[in-house]
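Report on the following structure.
The values are calculated or read from the model by the stated rules, or taken from the named source; none is laboratory data. Given the structure is predicted, the values throughout are model-derived calculations rather than measurements. Reconstructed Cβ throughout: ideal geometry from the backbone, glycine too, with neighbour counts over all protein chains shown. With ligands, DNA and RNA removed, areas are computed over all heavy atoms of the protein, side chains included. Shrake-Rupley method; radii C 1.70, N 1.55, O 1.52, S 1.80 Å.
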Amino acid sequence: MPQKKDINQVTKVNKQIYIETYGCQMNFSDSEIVASVMMSEGFDVAKKLPEADVILLNTCSIRDHAEQRVLNRLRELQHLRKKRPGLIIGVLGCMAERLKSDLLEGEDKGIRVDMVAGPDAYRQLPQLLMDAESGQKAINVLLSADETYADISPVRYAAGGVSAFISIMRGCENFCAYCVVPFTRGKERSRNPESVLSETRALIQDGYREVTLLGQNVNSYLWKDDGVRTGFSELLGMVAALDPKLRVRFATSHPKDISDNLLHRMAEYPNICKAIHLPVQSGSTAVLSRMNRKYTRTDYLDRIRAIKEILPGCAISTDLIAGFCGETEEEHMETLSLMEEVGYDFAFMFKYSERPGTLAAKKHKDDVPEKVKTRRLNEIIEKQQQLSLISNQQDIGSVQEVLVEGRSKRSEDQLMGRAENNKVVIFPDESFSQGDYVKVEITACSSATLKGIPVKE
Ligand code: 5AD
Ligand code: SF4
């Protein structure tokens, strides 16, 4: 879900940088690479946004709404120029890639941007910054066929953190009809497994207890070296074997290539969390075909059957789009029935938003009226709330191993952590610390969270 996160803030001797991240976990992970590039050039961290000499917005283009939020934010930030003469405002990430030099020409709309860098241009940021400071056009939106930033150690802004993201591949070549990502992030490329392992070892050394291996489509991870092929299930096993106390997760899987082999690998390692995010997008084969998803409803349900067989009790979550081009009422009903059939534990749910340049924008009409999209989305949300509640109720009475992430936002004397199935668990603090594994008996729930009490051992 797109959400804004204030991250690290980084300065070249006295120069303060501040990064705000929008969009997906990939972007969140990219901002850590940006921080690392800038810090190695001697830049430093701004404690507060108004202190920053350079503000970088790492942006998302997935839906029109995500872009509008960033444009509003850019408008809002302009007043800081009066307080800090010489302030540089830069746009990074997917919007930089999609809108390119248009972003440098938005002054008539009240938006002045000094610097634009696409997802494969982060090594050039120090140079771009110098160009911007000297009043030159500072833009690099070249996509690369091989950039993976493998040699850059991301700066983890949450020092003393528990859970970290590790990007294992970049780009996407699936070309789902609705999706802008293949255009903004370019060709698929995998990162050397050795660099993934050494990054994981460093995280373990720093006290991290959970890693999530990230890619737009992790199942197509592939590294070839001297005729030796390392696929995703091998990589997952290699990471999990580093430390049995390290929880390993991954995202995102494409239903067309989540193999039995991978499911068996998950079964083999107790520390690979039994939770799979498997975006379905629609329950209708006809809609899936218009979406260019390359699987049918039956294919998808076959993968669900394999998960339930090989990994009994595995949590399953998904992404759903309401009101894609040409979606009929019957096709929408098929989405609701598929949700019921799978019994998802959790879902991200969206209204279709046409993105310029995508296959759908070229080939199909965005013809489902806004009111109908909203109503269908609400029906999907309502269905998921029922399913999440049922799923959470089934956990009552069970004992879950919870990794403590911090204090509950609602109550000082309660802690918050996640169970293996990725559900949030709230329980009383009995002198536990961040990063502890605590056995918690689940005693109550809502559709969003579990509540429990620590089990005395
Ligand atoms: N409109 C609505 N939702 C979209 N997604 C991707 N592109 C669009 C779009 N144009 C959703 C998909 C994807 C998730 C990351 O965002 O469900 O899995
Ligand atoms: Fe947004 Fe997709 Fe880009 Fe992530 S990859 S920032 S979700 S457009």
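Annotations for the structure displayed:
- Residue in segment 188-199 that is in contact (Cβ under 8 Å) with a residue 24 or more places away in the chain, more than 18 Å from residue 144 (Cα to Cα), within 16 Å of ligand 1 (Cβ to nearest atom) and not β-branched (Val, Ile, Thr) present: no
- Of residues in segment 410-446 being of a type in the set (Ser, Thr, Tyr), modelled with pLDDT of 95 or more and open to solvent by less than 60 Å² (accessible area, probe 1.4 Å), the one farthest from residue 392 (Cα to Cα): 437
- Candidate set from segment 56-91 (those that are more than 19 Å from the chain's Cα centre (by Cα) and farther than 22 Å from residue 46 by Cβ); member that is surrounded by the most Cβ atoms within 10 Å (Cβ to Cβ): 71
One line per residue, one yes/no per condition, for (1) open to solvent by 70 Å² or more (accessible area, probe 1.4 Å); (2) away from ligand 1 (no atom under 12 Å from the Cβ); (3) farther than 20 Å from residue 278 by Cα:
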site: 309; (1), (2), (3): yes, yes, no
site: 314; (1), (2), (3): no, yes, no
site: 323; (1), (2), (3): no, no, no
site: 326; (1), (2), (3): no, yes, yes
site: 342; (1), (2), (3): no, yes, no
site: 370; (1), (2), (3): yes, yes, yes
site: 374; (1), (2), (3): no, yes, yes
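- Residue count, segment 61-87 (criterion: among the charged types (D, E, K, R) and more than 18 Å from residue 21 (Cβ to Cβ)): 6
- Here residue 446 meets each of (1) touching a residue at least 40 places away in the same chain (Cβ under 8 Å); (2) more than 23 Å from residue 277 (Cα to Cα) with one exception, condition (2).
Conditions (1) within 30 Å of residue 63 (Cα to Cα); (2) basic (Lys, Arg); (3) open to solvent by 20 Å² or more (accessible area, probe 1.4 Å), marked per residue:
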{"residue": "144", "(1), (2), (3)": "yes, no, yes"}
{"residue": "161", "(1), (2), (3)": "no, no, no"}
{"residue": "172", "(1), (2), (3)": "yes, no, no"}
{"residue": "176", "(1), (2), (3)": "yes, no, no"}
{"residue": "180", "(1), (2), (3)": "yes, no, no"}
{"residue": "186", "(1), (2), (3)": "yes, no, no"}
{"residue": "227", "(1), (2), (3)": "no, no, yes"}
{"residue": "248", "(1), (2), (3)": "yes, no, no"}
{"residue": "253", "(1), (2), (3)": "yes, no, no"}
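- Exclusive hit being more than 16 Å from ligand 1 (Cβ to nearest atom), of a type in the set (S, T, N, Q) and either free of Cβ contacts under 8 Å to residues at least 24 places away in the same chain or surrounded by 19 or more Cβ atoms within 10 Å (Cβ to Cβ) (or both), set 337, 388: 388
- Members of segment 92-129 found to be of a type in the set (Lys, Arg) and either surrounded by fewer than 19 Cβ atoms within 10 Å (Cβ to Cβ) or away from ligand 2 (no atom under 16 Å from the Cβ) (or both), listed by number: 100, 109, 112, 123
- When segment 275-300 is filtered for residues that are over 22 Å from residue 178 (Cα atoms) and open to solvent by 10 Å² or more (accessible area, probe 1.4 Å), only 275 remains.
- Subset of segment 132-141 that is at pLDDT 95 or above and more than 16 Å from ligand 2 (Cβ to nearest atom) - its residue that is nearest to residue 53 (Cα to Cα): 132
- Segments classed as helices (runs of 4 or more DSSP H), wholly inside segment 34-150, with at least 2 members that are over 30 Å from residue 358 (Cβ atoms): 80-83, 125-133
- Test for residue 365: is it open to solvent by 80 Å² or more (accessible area, probe 1.4 Å), closer than 30 Å to residue 329 by Cα and not in a helix (DSSP H, G or I): yes
- When 452, 406, 417 are checked against the criterion of being within 21 Å of residue 317 (Cα to Cα) and either in a strand (DSSP E or B) or in contact with a Pro (Cβ under 7 Å, 6 or more places away or on another chain) (or both), 417 stands alone in meeting it.
- For segment 378-393, the criterion of being out of contact with any Pro (no Cβ under 8 Å at 6 or more places or on another chain), in a strand (DSSP E or B) and farther than 30 Å from residue 287 by Cβ is met by no residue.
- Any chance residue 266 is within 16 Å of ligand 1 (Cβ to nearest atom) and at pLDDT 95 or above: no
- Taking the conditions (1) within 16 Å of ligand 2 (Cβ to nearest atom); (2) assigned to a strand (DSSP E or B) in turn, residue 354 satisfies each one other than (2).
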